[in-house]
Ligand SMILES: [Zn+2]
């Protein structure tokens, strides 16, 4: 319970600090350039163990990680799930390691991160360690920061929205997003196609499954599908801002590309295109919602905070 409390306190403090930043900005101040409000969207990748040479001191931790990788029973997003494979790429990014998740080199890099973050540096992936990362990732999403007290920003004005090309929509779908976010998305997709053979070979990858959705649309869909429960979509989805993109990063056979089943999320987390995004999307101002490998938010412009 102690760490939960601690996480809540850290989250509150960090969130307050960020809200103050927003409030401190005069109303008519120029819109910040991308990244001005996001000092460092993700920790810079500083490989600590790029050689991936075995570190025998962490053999036991590596063995435990190999077991928990697909076996850990936990609920980092309040929904029970099994294994941490869906987060392995994000965890690797955070600790600066691209070594195999069950390697002693990975465990060694994790232990160094745990030590830096005043956690027990045993090199084991556990709920306590990932919770600290989850809180850090969460507060780097401006939408989460402005909505955490129950405030919901209005839907994007039509004047700031732009039509993506049908070749950018998943299976030719017509999608709208914020014009500035669309420009950033295009730069990111072009870079992926240059840098990643898989993205160059499959034009479906990184197409947009869903962009801007009006508040009315989401409310209606909830009503019809009766499946929103406590989901943000029922009340205040990030998609209303025009900054949120659901991107096609593959799907487990037989599953919808936005299926939140463990099987689909684990599959997606292992795709080269998702792993490329984890390592590179922040170059273009995009942040991932860790529970959904397909959901990315552009952070390059401020979102209106509560008046
Ligand atoms: Zn989404």
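The values are calculated or read from the model by the stated rules, or taken from the named source; none is laboratory data. Quantities reported herein were computed from a predicted structural model and do not represent experimental measurements. Note that each Cβ is placed from the backbone with ideal geometry, even for glycine, and that neighbours are counted across all protein chains shown.
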* **Top-ranked residue of segment 171-202 - restricted to ones that are more than 16 Å from the ligand (Cβ to nearest atom) and more than 22 Å from the chain's Cα centre (by Cα), ranked as surrounded by the most Cβ atoms within 10 Å (Cβ to Cβ)** => 202
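Yes/no matrix, rows are residues, columns are (1) modelled with pLDDT under 95; (2) within 25 Å of residue 81 (Cβ to Cβ):
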| residue | (1), (2) |
| --- | --- |
| 163 | no, no |
| 195 | yes, no |
| 204 | no, no |
| 245 | no, yes |
* In segment 58-94, the residues that are over 19 Å from residue 268 (Cα atoms) and at pLDDT below 95 -> 78
* Any hit, segment 208-217, residues being at positive phi, assigned by TED's automatic domain parsing to the domain that holds residue 272, in a loop (DSSP other than H, G, I, E, B) and out of contact with any strand residue (DSSP E or B) (no Cβ under 6 Å at 6 or more places or on another chain) -> no
* Asked: In this structure, is residue 273 in the same structural domain as residue 162 (by TED's automatic domain parsing), touching a helix residue (DSSP H, G or I) at 6+ places or on another chain (Cβ under 9 Å) and not in a helix (DSSP H, G or I)?
  -> no
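Return yes or no: is residue 248 surrounded by 17 or more Cβ atoms within 10 Å (Cβ to Cβ), in contact with a strand residue (DSSP E or B) (Cβ under 9 Å, 6 or more places away or on another chain) and either more than 20 Å from residue 164 (Cα to Cα) or outside the structural domain of residue 176 (by TED's automatic domain parsing) (or both)?
Working: surrounded by 17 or more Cβ atoms within 10 Å (Cβ to Cβ): yes; in contact with a strand residue (DSSP E or B) (Cβ under 9 Å, 6 or more places away or on another chain): yes; either more than 20 Å from residue 164 (Cα to Cα) or outside the structural domain of residue 176 (by TED's automatic domain parsing) (or both): no.
So residue 248 fails the test.
Could you tell me whether segment 222-237 includes any residue that is assigned to a loop (DSSP other than H, G, I, E, B), in contact (Cβ under 8 Å) with a residue 40 or more places away in the chain and surrounded by 16 or more Cβ atoms within 10 Å (Cβ to Cβ)?
yes
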* Hey, which of the helices (runs of 4 or more DSSP H) in segment 51-144, taking only ones fully inside, have at least 3 residues that are more than 22 Å from the chain's Cα centre (by Cα) and surrounded by 15 or more Cβ atoms within 10 Å (Cβ to Cβ)? -> 59-71, 104-116
